[in-house]
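K.L.:
Would you mind keeping the following structure in view while I ask a few things?
The values are calculated or read from the model by the stated rules, or taken from the named source; none is laboratory data. Keep in mind it's a predicted model, so treat the numbers as computed, not measured. Every residue, glycine as well, gets a Cβ built from its backbone with ideal geometry; the counts of neighbours run over all protein chains shown. We work out accessible area using only protein heavy atoms, side chains counted, and drop any ligands, DNA or RNA first. Shrake-Rupley method; radii C 1.70, N 1.55, O 1.52, S 1.80 Å.
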Amino acid sequence: MRILLTGGAGYIGSHTAAVLAQRGHEIMILDNFANAERDVPARLKQLTGQDMTVIEADIRDTETVTAALKAHPVEAVIHFAALKAVGESEVDPLLYYDMNIIGTIRLLQAMQAAGVNRIVFSSSATVYGQPDSTPILEDAPTRVENIYGRTKLVMEDLIRDLARTGKLKGAANLRYFNPVGAHPSALIGETPRGVPNNLMPYVTQVATGERPHLNVFGNDYPTRDGTGERDYIHVMDLAEAHALAVEHIHANDVSVTVNLGTGNGTTVLELVKAFETATGREIPVNITPRRPGDVASYYANPALAAQLFGWQAALNVEDMCRDAWRWQAKRAGINDV
Ligand SMILES: NC(=O)c1ccc[n+]([C@@H]2O[C@H](COP(=O)([O-])OP(=O)(O)OC[C@H]3O[C@@H](n4cnc5c(N)ncnc54)[C@H](O)[C@@H]3O)[C@@H](O)[C@H]2O)c1
């Protein structure tokens, strides 16, 4: 297939581009490079041999996106481009409504104008909010608790509506749990700006010495060791799931909403231990009070992804730590990895 990846130069998009290219698909990347490095397409070429078409544009620019889709016809779009910082979304809700919701509407308009009617969408497990129980299944109630989560749920609804009314032939709303890690080549990975919001990039920056210690928010949760439990998923497994999802909706013309997680919970202290084992680096931790809004335990029931796509995560937490570290160490100029 020829596939357009919006946000294809970003963290999850670039790994998905690599996996899709290796499966023989032809990739076009559309990105405004607001949160991506300019040389990602060159690194993808080094990795895959494919010289991917790159359109530098904003998804809200319907005219440019329509023209790109007409000039380079595709069978499907995988839509990663969005803003994703929960804290920032609460500070500037309109920015998030504009970029994420209006951006998605504009993209869908461009797709309609160019006759493209299949989409895979990056949603998030954040749409479940505080779950009644774990593991979380797709029919669990959605309870958005921040503006970012609301934009994801609205975007899912827009896509489901267009599928229900026959405007889209195939759609997959993919609800990611906690993506971490990097390509094993260390050619692509995650490059958070400023202080990382997520645990793994923070841990890797403690390991390089950029940050003195890891703050652990609460050790009195009802979990094995009192720290919060999450479902970390290797970005390569996540990328593989996108390839299978786009192939599934292309072959079957269906609309699906699917969790992507490993189904295993890992606590903060278990992740730190796995990191220390995988890398030989020590991570000093500092226990601080709970953060308001954090939940004790959050992990997926990924059975539907197995049933529909024949997918399940293959890589474990130590693989995630090793690959995240290899990437971060290379960037920090540490060579003994
Ligand atoms: N990383 C996570 O933990 C996580 C978890 C759940 C869901 N998601 C979702 O997955 C998607 C990808 O996340 P990521 O971690 O790869 O983020 P990222 O920031 O690395 O990638 C997003 C890419 O989109 C581009 N972009 C942003 N706004 C754009 C616009 N208006 N027009 C064109 N390009 C634009 C950025 O430059 C970047 O390359 C996002 O939709 C995010 O909400 C991410």
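K.L.:
With 181, 166, 170 as the choices, which residue is under 24 Å from residue 305 (Cα atoms), small (Gly, Ala, Ser) and open to solvent by 50 Å² or more (accessible area, probe 1.4 Å)?
P.N.:
On the way: 181 fails: open to solvent by 50 Å² or more (accessible area, probe 1.4 Å); 170 fails: open to solvent by 50 Å² or more (accessible area, probe 1.4 Å).
Exactly one of 181, 166, 170 is under 24 Å from residue 305 (Cα atoms), small (Gly, Ala, Ser) and open to solvent by 50 Å² or more (accessible area, probe 1.4 Å), namely 166.
K.L.:
Another question, if that's okay. Please name all residue pairs, on different chains or six or more residues apart, with Cβ atoms under 6 Å, provided the first residue is in the stretch 85-101 and is farther than 9 Å from residue 148 by Cβ and the second residue is among the basic types (Lys, Arg) and within 14 Å of the ligand (Cβ to nearest atom).
P.N.:
none
K.L.:
For the condition touching a helix residue (DSSP H, G or I) at 6+ places or on another chain (Cβ under 9 Å), within 13 Å of the ligand (Cβ to nearest atom) and open to solvent by less than 60 Å² (accessible area, probe 1.4 Å), what is the one hit in 147, 136?
P.N.:
Values: 136 fails: within 13 Å of the ligand (Cβ to nearest atom).
The conditions single out 147.
K.L.:
Somewhere in the stretch 154-174, is a residue of a type in the set (D, E, K, R) and part of a loop (DSSP other than H, G, I, E, B)? Before you say what the answer is, go through the steps one by one.
P.N.:
Looking only at the stretch 154-174, we keep the residues that are of a type in the set (D, E, K, R), and these are 156-157, 160-161, 164, 167, 169.
Then keep just the ones that are part of a loop (DSSP other than H, G, I, E, B); that gives 167, 169.
Yes; the residues of the stretch 154-174 include at least one that is of a type in the set (D, E, K, R) and part of a loop (DSSP other than H, G, I, E, B).
K.L.:
Checking the condition within 14 Å of the ligand (Cβ to nearest atom), outside any helix (DSSP H, G or I), within 20 Å of residue 9 (Cβ to Cβ) and in contact with a Ser or Thr (Cβ under 9 Å, 6 or more places away or on another chain), which residue from 179, 196 passes? Before you say what the answer is, go through the steps one by one.
P.N.:
Details: 179 fails: in contact with a Ser or Thr (Cβ under 9 Å, 6 or more places away or on another chain).
Being within 14 Å of the ligand (Cβ to nearest atom), outside any helix (DSSP H, G or I), within 20 Å of residue 9 (Cβ to Cβ) and in contact with a Ser or Thr (Cβ under 9 Å, 6 or more places away or on another chain) holds for just one of 179, 196, which is 196.
K.L.:
Run down 44, 5 and say which single residue is open to solvent by less than 50 Å² (accessible area, probe 1.4 Å) and away from the ligand (no atom under 12 Å from the Cβ).
P.N.:
Details: 5 fails: away from the ligand (no atom under 12 Å from the Cβ).
So the residue among 44, 5 that is open to solvent by less than 50 Å² (accessible area, probe 1.4 Å) and away from the ligand (no atom under 12 Å from the Cβ) is 44.
K.L.:
Provide a single number: the residues in the stretch 52-81 that are over 25 Å from residue 152 (Cβ atoms) and away from the ligand (no atom under 12 Å from the Cβ).
P.N.:
Qualifying residue count, the stretch 52-81: 8.
K.L.:
Among the residues of the stretch 99-111 satisfying the criterion of being open to solvent by 60 Å² or more (accessible area, probe 1.4 Å) and within 10 Å of the ligand (Cβ to nearest atom), which is farthest from residue 245 (Cα to Cα)?
P.N.:
Filtering the stretch 99-111 for residues that are open to solvent by 60 Å² or more (accessible area, probe 1.4 Å) and within 10 Å of the ligand (Cβ to nearest atom), the one farthest from residue 245 (Cα to Cα) comes out as 102.
K.L.:
Could you look through the stretch 150-166, keep only residues that are within 14 Å of the ligand (Cβ to nearest atom) and in contact with a strand residue (DSSP E or B) (Cβ under 7 Å, 6 or more places away or on another chain), and pick out the one that is nearest to residue 179 (Cα to Cα)?
P.N.:
152
K.L.:
Taking residue 33 and the conditions (1) out of contact with any Ser or Thr (no Cβ under 9 Å at 6 or more places or on another chain); (2) away from the ligand (no atom under 12 Å from the Cβ), which numbered condition does it fall short on, given that it satisfies the others?
P.N.:
(2)
K.L.:
For the structure I just gave you, tell me whether residue 126 is closer than 21 Å to residue 8 by Cα and surrounded by 18 or more Cβ atoms within 10 Å (Cβ to Cβ).
P.N.:
Details: closer than 21 Å to residue 8 by Cα: no; surrounded by 18 or more Cβ atoms within 10 Å (Cβ to Cβ): yes.
No, not satisfied.
K.L.:
Kindly indicate which of 334, 283 is open to solvent by 30 Å² or more (accessible area, probe 1.4 Å), in a loop (DSSP other than H, G, I, E, B) and of a type in the set (Val, Ile, Thr). Even if it seems obvious, please write down each step before you answer.
P.N.:
Values: 283 fails: open to solvent by 30 Å² or more (accessible area, probe 1.4 Å).
Only one candidate qualifies: 334.
K.L.:
Only one residue in 46, 22 is over 19 Å from residue 119 (Cα atoms) and in contact (Cβ under 8 Å) with a residue 60 or more places away in the chain. Which one? Lay out the reasoning, then the answer.
P.N.:
Values: 22 fails: in contact (Cβ under 8 Å) with a residue 60 or more places away in the chain.
Within the list 46, 22, the selection yields 46.
K.L.:
Could you please find all residues in the stretch 24-81 being β-branched (Val, Ile, Thr) and part of a loop (DSSP other than H, G, I, E, B)?
P.N.:
Within the stretch 24-81, 59, 74 meet the criteria.
K.L.:
Also: Where residues in the stretch 287-315 are under 17 Å from the mean Cα position of the chain (by Cα) and not small (Gly, Ala, Ser), which of them is surrounded by the most Cβ atoms within 10 Å (Cβ to Cβ)?
P.N.:
Applying the filter and picking the extreme gives 302.
K.L.:
Please give the number of the condition residue 201 fails out of (1) part of a loop (DSSP other than H, G, I, E, B); (2) out of contact with any Phe, Trp or Tyr (no Cβ under 9 Å at 6 or more places or on another chain); (3) within 13 Å of the ligand (Cβ to nearest atom).
P.N.:
Only one criterion in (1) part of a loop (DSSP other than H, G, I, E, B); (2) out of contact with any Phe, Trp or Tyr (no Cβ under 9 Å at 6 or more places or on another chain); (3) within 13 Å of the ligand (Cβ to nearest atom) is unmet by residue 201, namely (1).
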